[in-house]
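The values are calculated or read from the model by the stated rules, or taken from the named source; none is laboratory data. Note that the structure is predicted; figures quoted are calculated from it, not measured. Here the Cβ positions follow ideal geometry from the backbone for every residue, glycine too, while neighbour counts run over all protein chains shown.
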Amino acid sequence: MNNKDKKLGMDRDITRRDFIHDVSLASLGLALPAGVAAHAATGSPVPAGANYPPVRTGMRGSHPGAFEVAHALAREGKSFPAPTDIDESYDLVVVGGGISGLAAAYYYRKRFGPDARILILENHDEFGGHARRNEFHQGGQMRLSWGGTMNLEYPLFSDEVNELLTELGVDIDTLLEGYHFRYGSGPKGKHAMFFDAETYGRDELVQDFSFRAGRETDLDASIDRFPISKESRESLKKFYARRENVFAGKSEDEVRNLLRSISYTDFLKKYGGLTDEAADLFMRVTHGYAGVGADSLSAAECIGASVPITHLLGSPHLSGSGATDAGGDVAMFPDGNASVARLLVRALIPAVAPDADASNLALARFDYSRLDEAGATVRLRLNSTVINVANHNGGTRITYVNDGRVLRVKARHSVLACWHAVIPHLCPDLPDEQKEAQKYQVKRPLLVTNVLLRDSKAIDKLDLSGAYCPGRLHGAVWVVKGVDTMGYRHEWDDPGSVPVMFWGSIAPPDSTVPIKEQHRASRALLLAMTFDDFEREVRTVLAGMLGPAGFDVQDDILAITVNRWPHGYAYGYLDLWDPAWPEGMAPHEIARQPYGNITIANADAGADAYTQVAIDEARRAVGELDAR
Ligand SMILES: Cc1cc2nc3c(=O)[nH]c(=O)nc-3n(C[C@H](O)[C@H](O)[C@H](O)COP(=O)(O)OP(=O)(O)OC[C@H]3O[C@@H](n4cnc5c(N)ncnc54)[C@H](O)[C@@H]3O)c2cc1C
């Protein structure tokens with residue numbers, strides 16, 4: 001190990017991770033012998049056995065072991081041995097245990113009755129898909145963070161999504177009462193810009209400055225601290241200070257077309273007067289929002305991302321949300337929409353958490369050993385990658401790989417709630433046009449890395465609640481506190497251990513090539529990165545950002561969970577890259593057509609990366625199944 005890595009504490013983490021893990025298991029009662037009854041504060045039974053995925057640290061998200069079978073099938077065209085038929089027959093088999101697959105099972109029971117026998121097959125060791133719970137334990141306290149999906153974007157919900165969430169016991173008003181997280185802008189601590197030494201020559205933390213909102217006072221003094229050229233700093237000062245309409249005199253249509261045909265970074269240069277260097281600072285601000293850089297999104301799309309632009313379009317505010325980082329109208333669970341997945345699983349398979357409900361769900365311990373019980377009406381089988389789904393004898397046959405075994409089950413119906421890009425490989429007999437449409441939907445890579453810090457001292461001393469890091473892998477860093485609902489509380493004043501969330505996507509090596517090539521190249525980069533690469537990255541940022549305030553990078557990092565999502569956001573159409581299709585002719589509309597007794601769900605089917613879309617598409621897919 002070189003000196004630089006030693007200074008970063010790269011030799012320290014394994015012990016730390018094991019320690020955390022042991023504490024986690026012990027505090028969960030998972031170290032108890034199987035079958036020992038124990039009760040948590042919520043009254044939920046502690047699972048017997050040590051299989052509790054939410055506490056796993058290290059490389060998570062698309063974790064090793066989850067994707068190899070699918071890659072062998074789809075990338076290498078591997079053929080598998082003939083399947084062994086197992087003696088299981090279902091009314092419905094669902095491929096994919098994300099929100100859409102779980103919702104499909106839920107809707108199926110509503111449509112076909114509670115006795116319907118359902119099997120959900122999921123290739124990860126965890127259910128929920130992108131809605132992933134990260135759970136840490138330290139000093140007798142549980143700390144939660146979001147491993148993927150964070151927001152309930154409730155203003156966008158259909159009536160049916162509202163109805164489903166109400167049935168699950170979710171009350172948006174209650175969630176809003178406990179929601180004090182502001183995406184790095186308080187309520188305690190402020191937003192900052194962090195310039196790192198590797199990219200900018202020196203570490204510089206510019207406190208109380210948000211790229212979205214600029215700063216009310218001392219704007220120029222803040223920008224003077226940016227380690228970029230004087231010319232670029234001056235262009236930024238002017239940019240933030242301006243209030244005008246650069247399209248004055250043009251019609252609404254003309255303005256819309258102009259904003260839809262220029263990238264945000266080009267807009268910043270052409271109309272905002274920024275130098276190339278200054279405009280480059282904004283490149284990663286859209287990574288978390290859309291999974292692509294600001295040079296790949298139109299200026300119109302960036303209005304929705306609340307980046308500074310509206311002050312040049314006639315508004316007194318810099319950004320669409322009134323120049324705040326509040327994150328818009330959203331509600332949140334302490335583990336994000338993993339709670340929606342948990343509520344669905346709890347509704348489908350009550351034995352996993354008999355005493356859990358929406359009031360105590362954040363603390364509830366799910367017993368994973370009950371997910372796949374012989375005799376249960378609904379079974380959820382993890383670590384099972386589906387490799388073929390076929391219509392057969394008036395029903396369907398589903399082949400999957402579990403622990404190296406190739407197995408086949410029968411079902412009257414199948415819902416494919418997996419990613420569209422894999423469906424042509426599962427159902428090679430689909431019409432060519434439909435397979436082409438499915439291949440169009442290349443998901444966008446996303447990255448969420450949670451780091452548990454020993455305490456909040458350095459963060460509090462610097463008065464931080466988040467930072468934008470224009471030069472780093474993860475563009476955004478947020479202090480994770482302040483979602484106090486469902487039995488969970490982590491007060492902003494608590495000086496103890498705290499998760500810090502690193503959020504973003506992965507910049508493509510070449511952002512001039514077609515967008516889907518960019519996604520594939522980013523995905524390859526993401527998959528090639530080792531845990532050490534991620535660890536070095538977050539240690540470098542934390543040392544540079546918090547080190548001057550007393551943070552000890554060697555000792556103060558207790559655990560790291562990398563949630564890599566090489567197949568992240570569903571492919572939504574972008575102004576600069578996709579044509580406008582006639583009604584009914586968009587790829588996702590062709591891709592999701594029913595095929596005999598097989599129908600197709602997933603957020604891909606709605607071409608929009610939202611939880612509510614995954615649910616709406618599940619409802620449609622179940623509704624399309626033939627009831628005869
Ligand atoms: C990092 C991140 C953050 C997000 N944040 C938000 C947010 O804040 N708010 C919001 O509304 N939405 C958000 N989204 C989008 C949202 O998470 C998704 O739209 C939604 O959860 C998708 O659910 P899904 O079931 O359609 O797909 P997925 O969650 O992808 O689930 C599909 C499942 O099928 C499995 N699968 C695939 N192929 C196979 C196979 N052959 N066999 C077995 N299983 C298979 C996959 O592994 C996966 O687990 C976010 C997404 C990401 C990646």
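Identify, please: which residue in the range 155-192 is under 26 Å from Asp460 (Cβ atoms), within 16 Å of the ligand (Cβ to nearest atom) and among the hydroxyl-bearing types (Ser, Thr, Tyr) and is, among those, surrounded by the most Cβ atoms within 10 Å (Cβ to Cβ)?
Filtering the range 155-192 for residues that are under 26 Å from Asp460 (Cβ atoms), within 16 Å of the ligand (Cβ to nearest atom) and among the hydroxyl-bearing types (Ser, Thr, Tyr), the one surrounded by the most Cβ atoms within 10 Å (Cβ to Cβ) comes out as Tyr183.
Working only within the range 373-390, note down all residues that are of a type outside the set (Gly, Ala, Ser) and either assigned to a strand (DSSP E or B) or within 14 Å of the ligand (Cβ to nearest atom) (or both).
Within the range 373-390, Val378, Arg379, Leu380, Arg381, Leu382, Asn383, Thr385, Val386, Ile387, Asn388, Val389 meet the criteria.
Answer yes or no as to whether Phe127 is buried (at least 24 other Cβ atoms within 10 Å of the Cβ) and touching a strand residue (DSSP E or B) at 6+ places or on another chain (Cβ under 7 Å).
yes
Only one of (1) over 19 Å from Tyr154 (Cβ atoms); (2) modelled with pLDDT of 90 or more; (3) out of contact with any His (no Cβ under 6 Å at 6 or more places or on another chain) is not met by Thr310, so which one is it?
(3)
Looking at this structure, is Arg379 at pLDDT below 95 and either closer than 27 Å to Arg133 by Cβ or surrounded by fewer than 19 Cβ atoms within 10 Å (Cβ to Cβ) (or both)?
no
Which residue out of Ala580, Ala618, Ala559 is crowded, with 18+ Cβ neighbours inside 10 Å and either more than 29 Å from Glu535 (Cα to Cα) or within 11 Å of the ligand (Cβ to nearest atom) (or both)?
None of the other options fit; the residue is Ala618.
Would you mention how many residues in the range 117-150 are more than 17 Å from the chain's Cα centre (by Cα) and closer than 20 Å to Asp484 by Cβ?
Looking only at that region, the number is 8.
Looking for whichever is touching a residue at least 12 places away in the same chain (Cβ under 8 Å), more than 16 Å from the ligand (Cβ to nearest atom) and farther than 23 Å from Pro114 by Cβ here; the options are Leu407, Leu363. Which one fits?
On inspection, the qualifying residue turns out to be Leu363.
When you scan the range 414-422, do you find a residue that is free of Cβ contacts under 8 Å to residues at least 12 places away in the same chain, assigned to a loop (DSSP other than H, G, I, E, B) and within 16 Å of the ligand (Cβ to nearest atom), even just one?
No - not one qualifying residue is present in the range 414-422.
For the structure I just gave you, tell me whether Ser100 is in contact with a Pro (Cβ under 6 Å, 6 or more places away or on another chain) and crowded, with 18+ Cβ neighbours inside 10 Å.
No: the conditions fail for Ser100.
Could you list all residues from the range 583-615 that are aliphatic (A, V, I, L, M) and crowded, with 22+ Cβ neighbours inside 10 Å?
Once the filter is applied, which keeps residues that are aliphatic (A, V, I, L, M) and crowded, with 22+ Cβ neighbours inside 10 Å, the range 583-615 yields Ala591, Ile598, Ile600, Ala601, Ala603, Ala605, Ala607, Val613, Ala614, Ile615.
Of everything in the range 238-263, what is closer than 22 Å to His191 by Cα and crowded, with 19+ Cβ neighbours inside 10 Å? Give them in sequence order.
Matches in the range 238-263: Phe239, Tyr240.
Does Ala528 satisfy the criteria of being within 30 Å of Thr396 (Cα to Cα), small (Gly, Ala, Ser) and modelled with pLDDT of 95 or more? Please lay out each step first, then the result.
Details: within 30 Å of Thr396 (Cα to Cα): no; small (Gly, Ala, Ser): yes; modelled with pLDDT of 95 or more: yes.
In short, no.
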